[in-house]
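As structure tokens, the structure follows; a few thoughts come after it.
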């Protein structure tokens, strides 16, 4: 109802009781039918409704009412509010999934669970528009169709855009603690994995002797050498 005052019937009740405006003027201002205003005046309509003063609420001025009372052809105009209210933001509802794509939603959930385990349940639900019950069933492999599910990229299925997927993945990566990001196996550099192997030596196979053992062997060799030299000198 465009350009209508708040609580039009309650406003009409107040105008009927407190002004000498005609039924047509009140009906035009409150966006009601003149017969409905006449019923209000006769007590047949809006019984029990308390009148609402449009002057105190800033919807009508005293001067505007006086102009209407002096001229029956004058049409009252709604006073402009001096307070500018911000436009209400549209709340983003759940993502709509076409009927033709809803059967592919479990496959997309399985793909996200396997390839991006860092995503939270709320993020997966936003991307493919699923419920927590379905997501939990696929995670725990208790879904009624788990045997025939195959992981499929939700971007190629048209369930979400690549920008949305990258945004959620980056957000999940930032939320993860640094210790959790450092854990896990890492791949060796290509220089190490592709380098030619050196032939194995005897020490690599059997291990090298320890330092005390080498010193003991050197001490035994020296003692035997000096013993032989002393025996040769005695013979001479």
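The values are calculated or read from the model by the stated rules, or taken from the named source; none is laboratory data. Worth saying up front: this structure is predicted, and the values here are computed from it rather than measured. Here Cβ is always computed from backbone atoms with ideal geometry, including for glycine, and neighbour counts include all displayed protein chains.
Quick one: would you say residue 39 is outside any helix (DSSP H, G or I) and either out of contact with any helix residue (DSSP H, G or I) (no Cβ under 9 Å at 6 or more places or on another chain) or closer than 18 Å to residue 64 by Cβ (or both)?
No, not satisfied.
Of the residues in segment 54-108, how many are surrounded by fewer than 13 Cβ atoms within 10 Å (Cβ to Cβ), part of a loop (DSSP other than H, G, I, E, B) and modelled with pLDDT under 75?
17
Report, by residue number, each residue of segment 140-162 that is part of a helix (DSSP H, G or I) and under 15 Å from residue 124 (Cβ atoms).
Hits for segment 140-162 are 154, 155, 157.
Return the residues of segment 10-31 that are touching a residue at least 40 places away in the same chain (Cβ under 8 Å), out of contact with any helix residue (DSSP H, G or I) (no Cβ under 7 Å at 6 or more places or on another chain) and part of a helix (DSSP H, G or I); say none if nothing qualifies.
10, 14, 28, 29
Could we say that residue 34 is in contact with a helix residue (DSSP H, G or I) (Cβ under 7 Å, 6 or more places away or on another chain), at pLDDT 90 or above and in the same structural domain as residue 122 (by TED's automatic domain parsing) here?
Spelling it out, it is not the case that residue 34 is in contact with a helix residue (DSSP H, G or I) (Cβ under 7 Å, 6 or more places away or on another chain), at pLDDT 90 or above and in the same structural domain as residue 122 (by TED's automatic domain parsing).
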